[in-house]
Amino acid sequence: MNGRQEGGRRGNILAAALETVVLCGLGLVAIFWIIPAQTSGSALGLNPAFMPTVYASAFVFFVLLNGVLQLSGHVTASPLTQGAIWLVVAMVAICCAGIMAFERFGAAVCALVVIPCSMVALGERRWGLVVGTTVVSAAGLALAVG
């Protein structure tokens with residue numbers, strides 16, 4: 001192995017370790033600080049913090065698993081492209097628009113905003129599927145929520 005390959009391998013290991021530590025740290029902050037601060041206990045049934053804690057715990061587990069696989073050399077990380085960064089930015093913007101639509105107009109209008117925008121952003125080009133999914137979801141939410 002020459003010096004350039006060895007340096008590249010060290011850089012990949014450092015990047016994988018840093019990614020694992022940062023993402024696990026964010027997951028643990030969610031589990032132990034954000035979720036308890038944003039939920040309150042209930043008298044009946046499951047605690048409202050239960051499912052978010054399960055999801056955050058699964059996130060931490062899969063980040064750790066991915067980190068171990070990358071550090072052991074069994075899986076290589078795909079390079080982060082500019083297109084991937086713009087997809088993340090687009091999805092964050094869609095989520096923000098959905099939150100604003102939900103707060104102002106309710107769940108059905110939120111579905112009309114989030115579903116088609118996210119489907120198109122993720123690469124769906126069959127307009128019949130986009131429109132059908134949006135209409136069925138929005139109608140179901142309008143009937144269920146009112």
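The values are calculated or read from the model by the stated rules, or taken from the named source; none is laboratory data. What you see is a predicted model; the values in this text were computed from it and never measured. As a convention, Cβ positions derive from the backbone with ideal geometry for all residues, glycine included, and neighbour counts pool all protein chains shown. Side chains are part of the model used for accessible areas, which takes the heavy atoms of the whole protein and leaves out ligands, DNA and RNA. Shrake-Rupley method; radii C 1.70, N 1.55, O 1.52, S 1.80 Å.
Out of all the residues in segment 80-112, which are of a type in the set (D, E) and open to solvent by less than 80 Å² (accessible area, probe 1.4 Å)?
The answer is none; no residue qualifies.
Among the candidates A139, A101, A121, A107, which residue alone is small (G, A, S), in contact (Cβ under 8 Å) with a residue 12 or more places away in the chain and closer than 30 Å to A15 by Cα?
A121
Identify all residues within segment 51-81 that are assigned to a helix (DSSP H, G or I) and over 18 Å from the mean Cα position of the chain (by Cα); write none if there are none.
V68, L69, Q70, L71, S72
What are the pairs with Cβ atoms under 7 angstrom where one residue, in segment 33-46, is closer than 17 Å to S57 by Cα and open to solvent by less than 80 Å² (accessible area, probe 1.4 Å) and the other, located anywhere, is of a type in the set (A, V, I, L, M) and assigned to a loop (DSSP other than H, G, I, E, B)? Sequence gap at least six, or different chains.
Filtered contacts from segment 33-46: I35/A49; P36/A49; T39/A49.
What tally of residues in segment 113-146 results from selecting those that are under 20 Å from the mean Cα position of the chain (by Cα) and either assigned to a helix (DSSP H, G or I) or loosely packed, with under 13 Cβ neighbours inside 10 Å (or both)?
The number of residues fulfilling the criteria is 11.
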